[in-house]
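These notes are about the structure you will find just below.
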Amino acid sequence: MERRSEAARSRGGGDRRSPFDRFVEQAELRVSQAPFFFVCAGIVVAWLISLPWWTDLKTWQVAIHTVASVFTLLLLVLLENASRRASEASQEKLNVIADALAALLASSAFDDPELRTAAGSGWTRRAPLRCGCTGIHRRPNPAAQ
């Protein structure tokens, strides 16, 4: 019987991401590659070359500043969203690994008399917990309370 975490069970069955989530993923993929840098550099070069066509130097500067500010804000929001999502995914993976390691150690402690003796008395099997772990758990020590 295969044990799967709640997170793994919830992922079974297709791509449930919203259109915005898929857009953010694609945007992050595109802006982190070299062609995007060259497009941005090309925009700056085109802006520099366009100086003779502008009647006012201040308007010429405001044009690039406005475009750059809006573009920077949008990219910042998209990339922060992608970063948060990646961080949450990493944390979920670490939680699954920690649960599996805890269950492995608990089952080893129950089956290995030396490990059980080294850990002390008071180990017992319990019904599955909310975390889904069916391993070994230490009974509370009444003398310590």
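Values quoted throughout were computed directly from the atomic coordinates according to the rules given, and no laboratory measurement underlies them. This is a predicted model, so every value here is computed, not measured. Reconstructed Cβ throughout: ideal geometry from the backbone, glycine too, with neighbour counts over all protein chains shown.
The table below lists the values:
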quantity	calculated
Pair residue 23, residue 57: separation of 7 Å Cα→Cβ label points (nm)	4.0
Burial order of peptide ranges 24-31, 72-79 (average beta-carbon count within 10 Å, highest first)	24-31, 72-79
Residue-count net charge about residue 37 - beta-carbon cut-off 15 Å; Lys, Arg +1, Asp, Glu -1	0
Added length on full extension, which subtracts the Cα-Cα distance from 0.36 nm per residue, residue 79 to residue 112	7.0 nm
Length gained when the stretch residue 32-residue 46 is fully extended (0.36 nm per residue, less Cα-Cα span)	2.8 nm
